[in-house]
Amino acid sequence: MDYLSHNIAVNLKRVRTSKGMSLDVVAEQTGVSKSMLAQIERGTANPSIGVLGKIVSGLRLSFDELIQTPPLDAYLVRVEETIPIKEIPGQYRVWNCFPIEDNNTVEIYRIDILPGGVYSSGSHGERTREYVTVMDGELVVELADGEHVITKADAFRFESDQPHWYRNRGEEKVRFMTFFVVY
């Protein structure tokens, strides 16, 4: 399940239960079937924009309230169970663990690059800084000022208002986390 489907599932159930509504009552108010609502709450349905429109209208919510990150004290992302947002077979896979929409300040990605793989990233705009920590392998980060080699358990920081490349020149997969901070 992707983060957006998860957000919708958690928020719909939270709103419904906070209002003391059963699935039958929500179905009546929204015109969306009880079975579809149950599937959405379980995260097993991929509702259309039309269905989401009926839900927000019937429950008198804004669309943002339905898709925003749920107000939870803790939130576990099982990266291997989510769908990568970018992937080139034989090169790399990228997962967005915590999108910038969560808080408009920090965005967190997990990236795997296979041996010989290269992941090209453009500028992230002015006043953005990137922090990288390598969990497995050896990562080469190429910036305008040259190459920087980051090994397992190392951390690296750079201004990400410039194009940059992540390279794996090693024999094993590189696995790392990258954190974008808007300041």
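Looking at (1) of a type in the set (G, A, S); (2) more than 26 Å from Y183 (Cβ to Cβ); (3) surrounded by 13 or more Cβ atoms within 10 Å (Cβ to Cβ), which is the only condition G90 fails?
Unmet for G90, out of (1) of a type in the set (G, A, S); (2) more than 26 Å from Y183 (Cβ to Cβ); (3) surrounded by 13 or more Cβ atoms within 10 Å (Cβ to Cβ): (3).
Of the numbered conditions (1) within 23 Å of L4 (Cβ to Cβ); (2) open to solvent by 30 Å² or more (accessible area, probe 1.4 Å); (3) in contact with a Ser or Thr (Cβ under 7 Å, 6 or more places away or on another chain), W95 fails exactly one; give the number of that condition.
(2)
What number of residues within region 60-91 are within 16 Å of I108 (Cα to Cα) and either in a loop (DSSP other than H, G, I, E, B) or among the small types (G, A, S) (or both)? Lay out the reasoning, then the answer.
Initially, region 60-91 is screened for residues within 16 Å of I108 (Cα to Cα), giving 69, 74-80, 82-86.
Among the residues that remain, those that are also either in a loop (DSSP other than H, G, I, E, B) or among the small types (G, A, S) (or both) are: 69, 74-78, 82-85.
Result for region 60-91: 10.
Looking at region 161-173, which of its residues are part of a loop (DSSP other than H, G, I, E, B) and open to solvent by 60 Å² or more (accessible area, probe 1.4 Å)? Give the derivation first.
Looking only at region 161-173, we keep the residues that are part of a loop (DSSP other than H, G, I, E, B), and these are 161-163, 168-173.
If the condition is that a residue be part of a loop (DSSP other than H, G, I, E, B) and open to solvent by 60 Å² or more (accessible area, probe 1.4 Å), then D161, P163, R169, E171, E172, K173 are the ones that fit.
Please specify each residue of region 15-59 satisfying the condition of being within 24 Å of the chain's Cα centre (by Cα), β-branched (V, I, T) and outside any helix (DSSP H, G or I).
Of everything in region 15-59, just one residue is within 24 Å of the chain's Cα centre (by Cα), β-branched (V, I, T) and outside any helix (DSSP H, G or I), namely T44.
In region 10-30, how many residues are in contact with a Pro (Cβ under 9 Å, 6 or more places away or on another chain) and closer than 16 Å to V51 by Cα? Reasoning before the result, please.
At the first step, the residues of region 10-30 found to be in contact with a Pro (Cβ under 9 Å, 6 or more places away or on another chain) are 10-11, 14.
Filter once more, so that each one left must be closer than 16 Å to V51 by Cα: 11.
Selection size over region 10-30: 1.
Return yes when I100 is open to solvent by less than 50 Å² (accessible area, probe 1.4 Å), in contact (Cβ under 8 Å) with a residue 40 or more places away in the chain, among the β-branched types (V, I, T) and within 22 Å of V10 (Cβ to Cβ) and no when it is not.
Details: open to solvent by less than 50 Å² (accessible area, probe 1.4 Å): yes; in contact (Cβ under 8 Å) with a residue 40 or more places away in the chain: yes; among the β-branched types (V, I, T): yes; within 22 Å of V10 (Cβ to Cβ): yes.
When the stated conditions are applied, I100 passes them.
Scan (1) closer than 30 Å to S121 by Cβ; (2) modelled with pLDDT of 90 or more; (3) exposed (fewer than 11 other Cβ atoms within 10 Å of the Cβ) for the single condition D24 breaks and write down its number.
Here D24 clears every test but (1).
Specify which of the listed residues (F180, F176, F158) is at pLDDT below 95 and surrounded by 13 or more Cβ atoms within 10 Å (Cβ to Cβ). I'd like the intermediate steps shown before the answer.
Working: F176 fails: at pLDDT below 95; F158 fails: at pLDDT below 95.
When all the criteria are applied, what remains is F180.
Just to be sure I understand, how many residues within region 103-146 are outside any loop (DSSP other than H, G, I, E, B) and either in contact (Cβ under 8 Å) with a residue 12 or more places away in the chain or within 24 Å of Y3 (Cβ to Cβ) (or both)? Please lay out each step first, then the result.
Step one: of region 103-146, the residues outside any loop (DSSP other than H, G, I, E, B) are 106-113, 118-121, 128-136, 138-143, 146.
Those still in the list that are either in contact (Cβ under 8 Å) with a residue 12 or more places away in the chain or within 24 Å of Y3 (Cβ to Cβ) (or both) too: 106-113, 118-121, 128-136, 138-143.
Within region 103-146, residues that are outside any loop (DSSP other than H, G, I, E, B) and either in contact (Cβ under 8 Å) with a residue 12 or more places away in the chain or within 24 Å of Y3 (Cβ to Cβ) (or both) number 27.
Restricting region 41-84 to residues that are surrounded by 13 or more Cβ atoms within 10 Å (Cβ to Cβ), modelled with pLDDT under 95 and among the β-branched types (V, I, T), which is nearest to R16 (Cα to Cα)?
Within region 41-84, the match that is nearest to R16 (Cα to Cα) is I67.
With (1) aliphatic (A, V, I, L, M); (2) under 20 Å from N96 (Cα atoms); (3) part of a loop (DSSP other than H, G, I, E, B) as the list, and L4 as the residue in question, which single condition is left unmet?
With respect to (1) aliphatic (A, V, I, L, M); (2) under 20 Å from N96 (Cα atoms); (3) part of a loop (DSSP other than H, G, I, E, B), L4 is out only on (3).
Any residue at all in region 27-38 that is at pLDDT 95 or above, at positive phi and either in contact with a helix residue (DSSP H, G or I) (Cβ under 8 Å, 6 or more places away or on another chain) or among the charged types (D, E, K, R) (or both)?
Within region 27-38, the first condition is being at pLDDT 95 or above, and the residues that meet it are 27-38.
Next, only the ones that are at positive phi stay: 31.
Restricting the remaining residues to those that are either in contact with a helix residue (DSSP H, G or I) (Cβ under 8 Å, 6 or more places away or on another chain) or among the charged types (D, E, K, R) (or both) gives 31.
Yes, the conditions are met somewhere in region 27-38.
The values are calculated or read from the model by the stated rules, or taken from the named source; none is laboratory data. On a predicted model such as this, the values are computed, not experimentally measured, just so you know. Because the Cβ atoms are built from the backbone with ideal geometry, glycine has one as well, and the counts that use them run over all protein chains shown. With ligands, DNA and RNA removed, areas are computed over all heavy atoms of the protein, side chains included. Shrake-Rupley method; radii C 1.70, N 1.55, O 1.52, S 1.80 Å.
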